[in-house]
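The values are calculated or read from the model by the stated rules, or taken from the named source; none is laboratory data. Note that the structure is predicted; figures quoted are calculated from it, not measured. Here Cβ is always computed from backbone atoms with ideal geometry, including for glycine, and neighbour counts include all displayed protein chains. These area figures cover heavy atoms from the full protein model, side chains too; ligands, DNA and RNA do not enter into them. Shrake-Rupley method; radii C 1.70, N 1.55, O 1.52, S 1.80 Å.
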There are 2 protein chains.
Amino acid sequence: MHIESTNTEQTNEVLPSIKKRWSPREFDYTKKISQENLQLLFEAACWAPSANNEQPWNFIVVTKDEPEQFNKMIAILKEGNKLWASTASALILTVASLRSSYNNSENFHALYDLGASVANLTLQATELNIYVHQMGGFYHDKAEKVFQLSENSKSVSVIAVGYLPEDENFEARKEELLSKRRRKSLDEFVFRNNWGNPFFNINDFQKN
Amino acid sequence: MHIESTNTEQTNEVLPSIKKRWSPREFDYTKKISQENLQLLFEAACWAPSANNEQPWNFIVVTKDEPEQFNKMIAILKEGNKLWASTASALILTVASLRSSYNNSENFHALYDLGASVANLTLQATELNIYVHQMGGFYHDKAEKVFQLSENSKSVSVIAVGYLPEDENFEARKEELLSKRRRKSLDEFVFRNNWGNPFFNINDFQKN
């Protein structure tokens, strides 16, 4: 599967970065992510669209270079995440700005837009062979205190980023995890004209 | 700028689909999006990650092929969006499932995960030369009634999708809009170790 992403013709394939993306539970803990690559991740994040161009996304980054700071982030995670997340090269607390910057009203789209920016970041990472595992399993109150979030900001996820391990058994462990991935079928979530009415004809799928 | 998205080496560029994406306010109203391409958009959407793999995203699609249904979607938009959105090939109401499917608890990440799936959809569209303009400007109550959303579902955005116009003045109109795009600089939203402490050294930017 070799697809040029600048190709403007029909590809019949989902974007390679979208298909390649998955959420590992282990990283090569010896590898750092360069400043240049980290910069690319956040540039990708910032080009997401947002309601009223509020750009309500914020990121607090800790890296392995500063173990004390890195461990502050490990400390806010729920138990099941602490061990594997320690193998990441960097951990990022994602934070939504909950109020509009121009009239202080509630920004209903804050989490939605943050999610889009993290999706951009994640696909950019995949492009660079960097993988991302997002966690909802952390203590929000603790995060907001430890990282001194401003009022009207909400911690939403912690994302672990790093390179995949290179040991000889890794591919087998990866394949096992990937074989367990499940997605809803399109007729469960894409509807025609009204809720619950499948958009795609099931016969169309069989043709493909 | 020619970058292969299967390239696993350093590219020094943000993914082409991310850079190319923008939100037009006009489409070529004569063009339809094929079923195959619509299917690719939703397959891209479904491969987003989600908290506990809830996949809390749903999409109600109306197309120009069914003008009466299409106009139902136009009717829920705020005035400023009705005219230009009418030029789209399809309009999609995005809907978040607000409760966990296994214990009915509130899914804090519902909107965040929906945002990620729409980001995937949008980048897949861009890859196919299809453009997306998301709108927050619509009447949620009306949408939820007209499209018969299930309880515990929340309408979040309406997205217009279509091909760009091909008339000779379009490029000039596009360039004017693009010249007005603004993004925060990285030091406003990427922090090192604590809120408010810029991650990147401003001298690093000047090198690039």
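A few comments on the model shown:
- Number of the condition not met by A:TYR102 [criteria: (1) modelled with pLDDT under 95; (2) open to solvent by less than 50 Å² (accessible area, probe 1.4 Å)]: (2)
- A:LYS64 falls short on exactly one of the conditions (1) of a type outside the set (A, V, I, L, M, F, W, C); (2) closer than 19 Å to B:ARG181 by Cβ; (3) more than 7 Å from every other protein chain (Cβ to nearest Cβ), and that condition is (2).
A quick yes/no check of all residues on (1) within 10 Å of chain B (Cβ to nearest Cβ); (2) more than 15 Å from the chain's Cα centre (by Cα); (3) open to solvent by 20 Å² or more (accessible area, probe 1.4 Å):
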position: A:PHE138; (1), (2), (3): no, yes, no
position: A:GLU144; (1), (2), (3): yes, yes, yes
position: A:LEU149; (1), (2), (3): yes, yes, yes
position: A:VAL158; (1), (2), (3): no, no, no
position: A:VAL161; (1), (2), (3): no, no, no
position: A:ARG173; (1), (2), (3): no, yes, yes
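- Close contacts from region B:80-95, counting a first residue that is assigned by TED's automatic domain parsing to the domain that holds B:SER150 and a second that is surrounded by fewer than 18 Cβ atoms within 10 Å (Cβ to Cβ) and charged (D, E, K, R), with Cβ to Cβ under 7 Å and a gap of 6+ residues or different chains, come to B:TRP84/B:ARG25; B:SER89/B:LYS31; B:SER89/B:LYS32.
- Residue in region B:196-203 that is surrounded by 12 or more Cβ atoms within 10 Å (Cβ to Cβ) and within 30 Å of B:TRP57 (Cα to Cα) present: no
- In this structure, B:ARG182 does satisfy being modelled with pLDDT of 95 or more and surrounded by fewer than 13 Cβ atoms within 10 Å (Cβ to Cβ).
- Only one of B:ALA119, B:ALA90 that is more than 7 Å from every other protein chain (Cβ to nearest Cβ) and at pLDDT 95 or above: B:ALA90
- Qualifying residue in region B:184-196 (condition: under 16 Å from the mean Cα position of the chain (by Cα) and part of a strand (DSSP E or B)): no
- Within region B:1-60, being of a type in the set (Asp, Glu) and modelled with pLDDT of 95 or more holds for B:GLU26, B:ASP28, B:GLU36, B:GLU43, B:GLU54.
- Highlighted here are the helices (runs of 4 or more DSSP H) found entirely within region B:79-179 that include at least 2 residues which are touching a helix residue (DSSP H, G or I) at 6+ places or on another chain (Cβ under 7 Å), over 14 Å from B:ILE60 (Cα atoms) and not acidic (Asp, Glu): B:79-85, B:110-127.
- The residue of region A:36-86 that is farthest from B:ALA119 (Cα to Cα), among those that are open to solvent by 60 Å² or more (accessible area, probe 1.4 Å) and polar (S, T, N, Q), is A:ASN71.
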